Amino acid sequence: MSQLHRINDFNLGQTWARIRWNTHGSGAAFDRKKQSSLSSGMKAFAEGQDFCVISFLDTNAHVSGRLLHGRLGEFAKAPDDHHLIIQPLNLTLDDLPLRKAGARSWQVGIIFIEFKTRKRVCVHATAKWEETAGCLALEVKQSFFHCAKYIDPTHRIARFASSGLREFTTAEFAMAANHGGLIQQLADFLADQGVAFLCTVDRNGQCAVNHRGGKCGFISVNAIQDEACLLLPDYAGNGAFEAVGNIWETRRAAVFVPDPERGYGVCVSGSAEIFDGQVLQTEPFVSFSGAERVLAIYPQYFQVQSWNNDLEPLRRWSFLSIPTTQGEC
């Protein structure tokens, strides 16, 4: 048995999920696709992309997701089977711990996705920011081609602001302490979105990022016991349960939602839990027809990332701690 499979055997969350939903066979089959290095196909795919989504823990240990983008042909390089070099042009990620002076290596999750071909490569790695070269140096720990399920080939990630761009600002989100207005703005934003990236972390601090797709509005804003939350339906997949297993282990998650028309992305991070079984036949879950599970994220941190048409920094990060006590969200 390889070292990679021995590591998977000790992923308690994935083991729990595969037992609960009886996916031992399909989960094991997917595990066999995972590698501890990059194949030639993975390297070629990554080097052919000009953006990725990264999942990491910020300086406050909150799960976070960001879009990194650069010039096609320069953005991603794989010098060998065990390393990736990411050279992003949007260096506005001031909270990215990898960019701090003297920062140690961090465990990150990366996803490269090509919507038109419905291909995606996921990478788990340790990463360090190389200030002189202006790049992320990644040492690959695990990599795999993910399945094409739920990827809309007509979707695109536009890394420029359209003429109708409406940027959110800190003051606008704060709504003069009217946090109910913030939640309504989030609900309105998500009603237009059909693609998201679910960011999670396991008990060992390894971050992961997974694509989620559906009809516009598939992520809803609701309330559970009077506490505001994002509800994300989870349908039958490959049975590996990376994200679900991580949530079971750490009770933390974030969802990063890039808006291809407006030219910005929204990341909501907080505590998380999993609902399944008979409870899905009750409100507020009953609307998720066909879902095997529903993931709930209780917003604690809300972040906005913007980018413009010449790929130069657009400093519009807004960090807002959202009160989660009853009646304030």
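The values are calculated or read from the model by the stated rules, or taken from the named source; none is laboratory data. None of the values given here were measured: they were computed from a predicted structure. Counting neighbours? That spans all protein chains shown, and the Cβs are built from the backbone with ideal geometry, glycine included. Surface areas here come from the heavy atoms of the whole protein model, side chains and all, with no ligands, DNA or RNA. Shrake-Rupley method; radii C 1.70, N 1.55, O 1.52, S 1.80 Å.
Structural remarks
- Each residue of segment 273-282 is assigned a 3J(HN,Hα), and the resulting list reads 8, 10, 10, 7, x, 5, 4, 5, 8, 10 Hz, derived from the Karplus form 6.51 cos²θ - 1.76 cosθ + 1.60 (θ = phi - 60°), x at Gly and Pro.
- Against the criterion of solvent-accessible heavy-atom surface with a 1.4 angstrom probe, H24, H83, H146, H211 sort, most first, into H24, H83, H146, H211.
- Anisotropy class of segment 196-311 from Cα gyration tensor, a/c 1.5 cut: prolate
- Each Lys or Arg adds one and each Asp or Glu takes one away; over the other residues whose Cβ falls under 11 Å from the Cβ of I151, this sums to +4.
- Accessible surface of R212 - all protein chains present, 1.4 Å probe, nearest 10 Å²: 40 Å²
- Amide H contacts of D259 (H built 1.01 Å from N, under 5 Å, at least 5 apart or other chain): Y264, G265, V266
- Extents of segment 234-276, largest first, come to 33, 23, 16 Å (Cα atoms, principal axes, whole angstrom).
- Rounded to the nearest whole Hz, the Karplus-based 3J(HN,Hα) values (6.51 cos²θ - 1.76 cosθ + 1.60, θ = phi - 60°) of segment 148-155 follow the sequence 8, 4, 6, 8, 8, x, 8, 6, with x at glycine and proline.
- Couplings 3J(HN,Hα) for segment 28-35, derived from phi with the Karplus relation 6.51 cos²θ - 1.76 cosθ + 1.60 (θ = phi - 60°), are 5, 5, 5, 4, 5, 7, 7, 10 Hz, where x marks Gly and Pro.
- Here the gap between E261 and E131, fully extended at 0.36 nm per residue and compared with their Cα-Cα distance, gives a gain of 43.6 nm.
- For R293, distant residues with modelled amide H under 5 Å away: D234
- Solvent-accessible area of E249 with every protein chain in place, 1.4 Å probe, in Å² to the nearest 10: 40 Å²
- Of K43/K141; K77/K149; K33/K119; K43/K215, those spanning more than 20 Å from alpha-carbon to alpha-carbon: K77/K149; K43/K215
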